[in-house]
Every structure is written in structure tokens, then in C-alpha cells.
Amino acid sequence: MMIAAGERKIMDRQLKFLVEPVTARFITPDGEPVETVIEVRTNPITLRTCRVTLSRKGEKERGTESLPAPPPDADKRDGCPFCRPQLTEMTPQCVESLASSGRLIRGKSVLFPNLFPYGSYSAVSLFDDNHFVEIGTASIASYRDSFLNCADYLNRILLSDPQAVYMAITQNHLPSAGGSLLHPHLQINADRVASNHHRFLRKRATEYFRDGGSLLFTDYLRHEIEDGRRYIGNTGEWQWMAAFAPEGFYEIWGILPGKTSFRDFGEQDWEDLSTGVVRTQQFYRSLCRNGYNFGLMLVEDTNGCLEMRAVILARSNFAPWVRNDHTGFEVMLGDMATFVPPEETARLAQDFWI
Ligand SMILES: [Zn+2]
């Protein structure tokens, strides 16, 4: 994709893809002097820095020698509130003003309020009645229907509370990613009060558009397609790439350029998003990883500038004695340290986009 000179000037001023190598020197136990390079990368969107510790690239994380066995409660349907027949007895229902049917149904997907809400509107969207689904084996239709259920719910919120514009659809796959119930589901949240990331991204996208007249993620995507080293492929209009400055292992972004509201989505857009999510899971499975987080954040302003961007990243495996992926470095210093260059993540993921 070619970029006009004028556009390039705007991008160069505002979107910087910075890599600053720093070198560590030491003497090995064998007495050899060594210099090892660590890349400090700056996220062009958030300006947060992260580190790619190239010397650990070949390291095999404990618990990833093979795909871990299913969790011990993988076949315990009886105690699961999301499995039938417990579902209707153990899960709450929407208030009348949101959904007179109590729960929303789309294909095999069922959506109901979160019993332990995180904000004004907090819900759970199941995929189907399958209690445990191995990473990478979910059907695209199950994701599409669950996403469509989420969109229905979010639409109803906007109709009844138009100021609740800060919205998100997220997933925690397995307890190592924060999942409290094994039964696969999406979480939906909406509120008048912004989260930190909503607040930052809304401001960043608005100022970027005001200063340059173009959309933030469209320009980011244009740069990444032109560069090519982190670009993975498309599913419909969704464009997928490895994050330039990852804040999680094997972090992948899906950008839907030019669309700033889920209300502009067609059913095909949700299906194409589902395809990208399932392909990413298949990629993670090939690395013997079984945990991940997914997130799609929305700011439903009428004149919003924040385009759709989905993020997926692998988490520490859910297996005995696996180390957490957030060490003192991430928690205390705020810089994520990953081992794999994003360019290699993209190269490996491309096998699943053929
Ligand atoms: Zn279940």
C-alpha cells in the first residue's frame, strides 16, 4: 500500500514505531565475555514502552512442552451454573426494561447478567452448552452467535441509557487468564464511567484526528501493511497483525479500519472477527499454550474517532507450577518483557491465515 507524501508527514509526526536497543555485558560461567541486546520498543498508540529480551527467545516456558491436559473439572458439568439444566436455575435475568425475556438467545448462545457485576451493565454471553472447549477447537459459528448476542445486549443498553458509552467485550480463557468458571463465555461491560484504557484511547484518538485529520488505527494499519514484517492477513475487512510493542506474549491485534461503532457492523463483520479469534487460538495451540485473553473495547460516541481494535494475547499456561507471565518487572516497573520479536510472532501466525 502506497502512502502519499503528505500523509507520511502526519504519520511520522504522530505515530512513531521506535525500537531502541540496549546492551547488557557480562562474563558467562565459562569465562566468556558476552554482549546481549534487549529491544526497548514504544507502543505508537499508547507511548508505553516494553522490552523484547531477545536472549530468551529460544527458552521453553515450563508447562509448554506439550498442550497441558484438560483441567480437573473439565467433565464436571453437574456443579457448573452455565451448564444445562442448572443454567435457568442458577443464573440471573435482565431487568424488564433491558430484556423482557430475561435472557437473550442467539443460536446456541445465551446471555444473562453477571451475578457479580463490575459496573452498571455487566453480563455473560455463553457460546453453547459445551462445558469445556480446548483452545483452538471452538466453532466460528459459536463465536459469531455469542458476539451477536453481545451486540444485541449493548444496543439495548444504548437505547435505555445513551450515556453508558464505555463498552467492552472480553474473554478469559482458563483460570491462568483470570477465568473463574471453566465453561467458555464472553464478558460484556458497559458504563457511563470510563475505564483507564477507555479514557486514554478516546482522548488519544480524538486528538489524533483533530491534529491530523485522519483516524488513529487506520494510520497504524497503513504503516503496518506497508512495512509488512508484522502483518499477518485479513478475515473479511478485519486486518490482523502482531503488536509492534507487545504487552503480552504473542500479542495479536485485529483492526477494522474506519468503523468506530459496533452499530455499523454487519453479521459478516462479527463472523470475520470470530474467524480471526479462532485462528489465533489455533496458533496458540500450536505453541502448546492453553490460556489467553481477548478484548474488544468500544466508545459509542456519536462522533467518535476510536476505531475497532481487537487484542488477543497468550497468558501463562494453566498447568501445575507454571510461572506467572507478570513478574516484578511488569508489576512494579510497568514495562512488559516478552521473549519473541513481534516479527517472528507474525511469521508463525501466518500459517493459520492461509
Ligand atoms: Zn458448564
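The values are calculated or read from the model by the stated rules, or taken from the named source; none is laboratory data. Keep in mind it's a predicted model, so treat the numbers as computed, not measured. Cβ placement follows ideal geometry from the backbone for every residue including glycine, while neighbour counts extend to all protein chains displayed. Side chains included, ligands, DNA and RNA excluded: accessible areas come from the protein's heavy atoms. Shrake-Rupley method; radii C 1.70, N 1.55, O 1.52, S 1.80 Å.
A few remarks follow.
- Coarse-grained scattering of region 64-135 at q = 0.13, 0.19, 0.24 Å⁻¹, given as base-10 log I(q)/I(0) from a Debye sum over alpha-carbon atoms: -0.47, -0.84, -1.13
- Förster radius 30 Å - calculated FRET efficiency between residue 214 and residue 160, Cβ distance, rounded to 0.05: 0.30
- Spin-label proximity, residue 22 to region 56-96 - amide N less than 17 Å from point 7 Å beyond Cα toward beta carbon: 56
- The length gained by stretching the chain between residue 88 and residue 335 to full extension, at 0.36 nm per residue less their Cα-Cα distance, is 84.6 nm.
- Shape category assigned to the chain from the gyration tensor of Cα positions, a/c cut at 1.5: oblate
- For region 42-111, GluC sites (Glu not before Pro) meeting the loop criterion (DSSP other than H, G, I, E, B) and having at most 16 other Cβ atoms within 10 Å: 59, 65, 96.
- When Rg and the Kirkwood radius Rh are both evaluated on Cα atoms of region 1-145, their ratio Rg/Rh stands at 1.17.
- Rounded, prolate or oblate (a/c below 1.5 giving rounded, otherwise prolate when a/b exceeds b/c) for region 229-319 by Cα gyration tensor: prolate
- Rounded accessible area per residue of the chain, 1.4 Å, Å²: 47
- Taking all protein chains as shown and a probe of 1.4 angstrom, residue 204 keeps an accessible surface of around 40 Å².
- The modelled label-to-label distance for the pair residue 46/residue 141, using points 7 Å beyond Cα in the direction of Cβ, is 3.7 nm.
- Sites matching trypsin sites (Lys or Arg not before Pro) across region 91-169 that sit in DSSP coil, with at most 14 neighbouring C-beta atoms within 10 Å: none
- Within region 285-306: backbone nitrogen closer than 17 Å to the residue 203 label point (7 Å, Cα to C-beta): 299, 305-306
- In the chain, helices alone account for a calculated mean residue ellipticity at 222 nm of -8500 deg cm²/dmol, with every DSSP H run of four or more residues adding -39,500 (n - 2.57).
- For the chain, 50, 94, 150, 288, 305 have no disulfide-compatible partner, since no other Cys C-beta lies under 4.7 Å from theirs.
- Within the shell of other residues whose beta carbon sits under 15 angstrom from the beta carbon of residue 301, the net charge comes to +2, with Lys and Arg scored +1 and Asp and Glu -1.
- For the pair residue 323 and residue 122, the difference between a 0.36 nm per residue extended length and the Cα-Cα distance amounts to 69.3 nm.
- Rounded if a/c under 1.5, otherwise prolate or oblate - region 93-249, Cα gyration tensor axes: oblate
- Zone residues, region 299-327, relative to residue 194, backbone N less than 17 Å from point 7 Å out along Cα-to-Cβ: 299-309
- Of the trypsin sites (Lys or Arg not before Pro) found in region 212-268, those in coil by DSSP whose Cβ has at most 15 other Cβ atoms within 10 Å are 229.
- Shown for region 95-194: the carbon plus sulfur share of the solvent-accessible area, taken with all protein chains present and a 1.4 angstrom probe, equals 53%.
- Protein-only accessible surface at a 1.4 angstrom probe places the residues 199, 210 in the order 210, 199, largest first.
- Of the residues 332, 90, ranked by 1.4 Å probe accessible area with the largest first, the sequence reads 332, 90.
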